[in-house]
Amino acid sequence: MKPLKLLALLLFSALTLQVSAQQKKYVMVIHGGAGTILKKNMSPEKEAAYIAVLTQALQAGYAEIKAGKTSMDAVEATIHIMENDPHFNAGKGAVFTHDGRNELDAAIMDGKTLMAGSVAGVTTIKNPISAARAVMEKSEHVMMVGTGAEQFAKEVGLEIVDPKYFWTKERWDGLQKAIKEDSTKAVLDHGNKKSELLGSKNHDYKFGTVGCVALDKAGNLAAGTSTGGMTNKKYGRVGDAPIIGAGTYCNNETAGISCTGWGEFYIRNVVAKTISDLMEYKSLSVAEASKIALDKVGKMGGDGGLIALDKKGNVAMPFNTEGMYRGTITDDGKVEVSIYK
Ligand code: ASP
């Protein structure tokens, strides 16, 4: 080949490569909780089951987007899959409170209108993410809690279940273990003000919350989070997930964000809105803003992670734990799922 022809060919391939790298556009990102998730503690069957359901969840949302539905529809469809799967701490498979109940929290937000809805401490709504959406779309409020939220969900025709529906053996055993370890640790920690202030001394049985951010064909973002909260949580405790700006936030001008981790730290750092603010007022990228916000959580002693997606399809999935169930799908339908660091 003549040198000139070769040069032209090289230039052409370099350009094509650059264009395809630039065009990698994510349309959805999900998480299934962060925590001490180690490969050595995971059986191949369990790992395969997680990968399968994360993939299924991404594909369910992607089908909505491909069909021209909204990012809200995609988030709801995706989270339904994870709420209905006992592997996650959301819907069926939610963790137990100290009193042996399943009290669920969820939130959803529309990046185009900045409308939001959330429910907290609900015990009979099969899919709390749908109740959050109903609060946003069918009421004049943003947040409803407890029996009021349950009454509302019933009135708008959502599926109501017996609280027993949420019971799983794994989570029940997790509660017994947490109660035992907390009482042992309470003795060891006697007089340790810091741990008393933090409330739960046992913070590693809480993970498995689910979240999703989607970007639809019209360029609109939506974000949602659903959780059972933290194992052994006290009566009436509400985490960051249903608090708009803490665990969930979405704005077309910046990004959609869903957090997972030790909720008290996410609430005190207003993590999701901080990421949006850093992008809006400091012109930081979604990756830079997410890192700063999560570092703050870490410095204060909190652990967890988050997912964020901006309107251009850039994604960030930082976490400061051993692992985080997570996955993405690009506009060409390519799924990527990861668990460990
Ligand atoms: N952030 C949730 C909560 O504190 C728990 C989690 O994400 O695992 O309620």
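Where a number appears in this text, it was derived from the coordinates with a stated rule and is not lab data. Note that the structure is predicted; figures quoted are calculated from it, not measured. FYI the Cβ positions are ideal-geometry reconstructions off the backbone, even for glycines, and counts take in every protein chain you see.
Numbers below:
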| item | result |
| --- | --- |
| Long-range neighbours under 6 Å by Cβ, at least six apart or interchain, first residue within 12 Å of the ligand (Cβ to nearest atom) within region 298-316, second among the aromatic types (Phe, Trp, Tyr) | Gly302/Trp262; Gly302/Phe265; Asp303/Trp262; Gly304/Trp262; Gly305/Phe319 |
| Residue selected from region 253-269 under the condition surrounded by fewer than 20 Cβ atoms within 10 Å (Cβ to Cβ) and within 14 Å of the ligand (Cβ to nearest atom), by the criterion nearest to Phe166 (Cα to Cα) | Ile267 |
| So Cys250, is it buried (at least 24 other Cβ atoms within 10 Å of the Cβ) and within 13 Å of Gly305 (Cβ to Cβ) | no |
| When residues of region 205-235 are limited to those that are over 15 Å from the mean Cα position of the chain (by Cα) and within 13 Å of the ligand (Cβ to nearest atom), the one farthest from His141 (Cα to Cα) | Tyr205 |
| Selected residue [outside any helix (DSSP H, G or I) and either surrounded by fewer than 24 Cβ atoms within 10 Å (Cβ to Cβ) or more than 16 Å from the chain's Cα centre (by Cα) (or both)] from Thr274, Thr328 | Thr328 |
| Selection within region 68-108 - within 14 Å of Ala214 (Cα to Cα) and within 16 Å of the ligand (Cβ to nearest atom) | Ile79, Ile108 |
| Lone qualifier among Asp110, Asp85 - being within 16 Å of the chain's Cα centre (by Cα), surrounded by fewer than 24 Cβ atoms within 10 Å (Cβ to Cβ) and charged (D, E, K, R) | Asp85 |
| Residue check, Ile275 out of contact with any helix residue (DSSP H, G or I) (no Cβ under 8 Å at 6 or more places or on another chain), of a type in the set (Val, Ile, Thr) and over 22 Å from Ile339 (Cα atoms) | no |
| Long-range neighbours under 7 Å by Cβ, at least six apart or interchain, first residue among the polar types (S, T, N, Q) within region 238-266, second more than 10 Å from the ligand (Cβ to nearest atom) and assigned to a loop (DSSP other than H, G, I, E, B) | Asn251/Gly111; Asn251/Leu114; Asn252/Gly111; Asn252/Lys112; Asn252/Asn220; Asn252/Lys311 |
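The rows are residues; the columns are (1) within 30 Å of Gly121 (Cβ to Cβ); (2) in contact with a Ser or Thr (Cβ under 7 Å, 6 or more places away or on another chain); (3) among the hydrophobic types (A, V, I, L, M, F, W, C).
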residue	(1), (2), (3)
Met42	no, no, yes
Gln56	yes, no, no
Glu76	yes, yes, no
Gly93	yes, yes, no
